[in-house]
């Protein structure tokens, strides 16, 4: 099958790959580019583990064709820390023990980041709504909700 | 037709590990040339925190900071034998094996230090910070870093130890059938408060209060994390999760996360966790296995709460609206 060229910005770096037509963004990121932070949970859009941010919007990379991302700006969890300093959401997830096996964590953090980008001071209900497309097996969700609320508070303190 | 409230309580004993022909786990500990310690296991960390706990146990036994210990659980082809990470056995079985291995390694470490300091090994102690001191004369000391270098390059000794912890198989007595299936039990009790809609059969869990008796909590934050998540999972087992709703008939079995139901972040019950620490006699530093049992008592507590609310006993899981409505119908006078 003919390869298709695809070019996008991933976590601030230009990426160009030749891929098979029909390749999902999840597959391209993990197996072509080597960014394994998006996880393949269900591969059918029901678990949220593969969530990434495309042009500022939360997207399921398992249901997104890589070739549809030409020219897009993509952010994944592996691009959040800067020079070894964790993003406030990553810090809050660690401090709140909001991860156990860790498989849902990158998707949770992506969903939380989009929420905080749009709603810097979310209510608990906002957080619950934002995480409602992401499944977690281990934590019972409460530590994750608390981590997102903590990150929002630390963001607003830094901004003040 | 109304929304009816009910409250249920349940208490459980939970055995740590299992007893099918004996229950062994093996561990190996060795030092690197620079005095860090490596724990080699086949026990798997699947998110419960095995690596952290084994590092703590090894560090405590040898007398070094936890960050001087690296735990390798990589490969069952090449690692020492472990029956597996299940039945809440990881901390208890592997932890005891790590203690045994770390004690042997510590003894070699002290013997090498004794030769360097020209004292008797039994006169030495560790300060927990990476140094070995002469008891009562702490100015005479040597760092574990230097001891490891000496062992490797001067004395030709391997600072290492072997650990094997085995719960032997227990056979039932022929006359009475009595046996000892486990040596260590954790305990838990849950009070659940529910609302049941007797028109739709819908159950809402308002609150669960859980008390867990888990031996000594070797890492209290990780224990809390496990118990909070487990409590949620217990509610999920009680009301939602099933692969085969008409078992053994596979019809209507869930095939994906759209059909295999779990509560999401919007469906959380008010959850309280209380930890009681009663150190176990044969556990590593008193630990028991809280892993699986933390998701157990919610199930009978919710079943009892449903009975308290609407007077029907549901004895098949999950407690679905359909099962409640069928039971209410069967109970109704005509």
Notebook entry, point to check: How many of the residues making up the range A:135-149 are at the interface with chain B (Cβ under 7 Å from one of its Cβ atoms) and assigned to a loop (DSSP other than H, G, I, E, B)?
Noted result: 5
Note to self: Which of the numbered conditions does residue A:17 fail, given that it passes all the others? Conditions: (1) surrounded by 21 or more Cβ atoms within 10 Å (Cβ to Cβ); (2) over 17 Å from residue A:108 (Cβ atoms); (3) touching a strand residue (DSSP E or B) at 6+ places or on another chain (Cβ under 6 Å).
What the structure shows: (1)
Next item on the list: From B:248, B:284, B:263, grab the single residue that is touching a helix residue (DSSP H, G or I) at 6+ places or on another chain (Cβ under 7 Å) and more than 14 Å from chain A (Cβ to nearest Cβ).
Entry: B:284
Check: In this structure, is residue A:61 surrounded by fewer than 20 Cβ atoms within 10 Å (Cβ to Cβ), in contact (Cβ under 8 Å) with a residue 12 or more places away in the chain, touching a strand residue (DSSP E or B) at 6+ places or on another chain (Cβ under 9 Å) and not assigned by TED's automatic domain parsing to the domain that holds residue A:129?
Finding: no
Note to self: If I filter the range B:266-281 down to residues being within 9 Å of chain A (Cβ to nearest Cβ) and touching a residue at least 12 places away in the same chain (Cβ under 8 Å), which single residue comes out as nearest to the chain's Cα centre (by Cα)?
What the structure shows: B:271
Next item on the list: Go through the range B:15-63 and give me each residue that's over 21 Å from residue B:292 (Cα atoms) and without any contact (Cβ under 8 Å) to a residue 24 or more places away in the chain.
Entry: B:55, B:59
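Conditions tested, residue by residue: (1) under 23 Å from residue B:285 (Cβ atoms); (2) not in a helix (DSSP H, G or I); (3) not assigned by TED's automatic domain parsing to the domain that holds residue B:285.
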{"position": "B:75", "(1), (2), (3)": "no, yes, yes"}
{"position": "B:88", "(1), (2), (3)": "yes, yes, yes"}
{"position": "B:93", "(1), (2), (3)": "yes, no, yes"}
{"position": "B:97", "(1), (2), (3)": "yes, no, yes"}
{"position": "B:100", "(1), (2), (3)": "yes, no, yes"}
{"position": "B:103", "(1), (2), (3)": "yes, no, yes"}
{"position": "B:108", "(1), (2), (3)": "yes, no, yes"}
{"position": "B:115", "(1), (2), (3)": "no, no, yes"}
{"position": "B:119", "(1), (2), (3)": "no, yes, yes"}
Next item on the list: Check the range B:180-189 and report whether any residue there is under 30 Å from residue B:326 (Cα atoms) and touching a strand residue (DSSP E or B) at 6+ places or on another chain (Cβ under 9 Å).
Entry: yes
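Per-residue answers, yes or no, for (1) within 16 Å of residue A:130 (Cβ to Cβ); (2) assigned by TED's automatic domain parsing to the domain that holds residue A:136:
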position: A:69; (1), (2): no, no
position: A:93; (1), (2): yes, yes
position: A:97; (1), (2): no, yes
position: A:101; (1), (2): no, yes
Check: Quick one: would you say residue A:152 is touching a residue at least 24 places away in the same chain (Cβ under 8 Å), within 14 Å of another protein chain (Cβ to nearest Cβ), touching a helix residue (DSSP H, G or I) at 6+ places or on another chain (Cβ under 9 Å) and surrounded by 23 or more Cβ atoms within 10 Å (Cβ to Cβ)?
Finding: no
Checklist line | Residue satisfying condition, being surrounded by 15 or more Cβ atoms within 10 Å (Cβ to Cβ) and either on the phi > 0 side of the Ramachandran plot or touching a strand residue (DSSP E or B) at 6+ places or on another chain (Cβ under 8 Å) (or both), within set A:49, A:72 | finding: A:72
Next item on the list: Test each condition in (1) surrounded by fewer than 18 Cβ atoms within 10 Å (Cβ to Cβ); (2) more than 30 Å from residue B:223 (Cβ to Cβ) for residue A:86 and report the one that comes out false.
Entry: (2)
Next item on the list: Take the range A:121-134 and flag every residue that is in a loop (DSSP other than H, G, I, E, B) and more than 7 Å from every other protein chain (Cβ to nearest Cβ).
Entry: A:121, A:122, A:123, A:133, A:134
Check: Quick check: is even one residue across the range B:52-59 under 30 Å from residue B:178 (Cβ atoms), more than 14 Å from chain A (Cβ to nearest Cβ) and either surrounded by fewer than 23 Cβ atoms within 10 Å (Cβ to Cβ) or over 18 Å from the mean Cα position of the chain (by Cα) (or both)?
Finding: no
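The values are calculated or read from the model by the stated rules, or taken from the named source; none is laboratory data. Quick caveat, the model's predicted, so the values are computed rather than measured. All Cβ positions, even for glycine, are placed from backbone atoms using ideal geometry, and neighbour counts span all protein chains on display.
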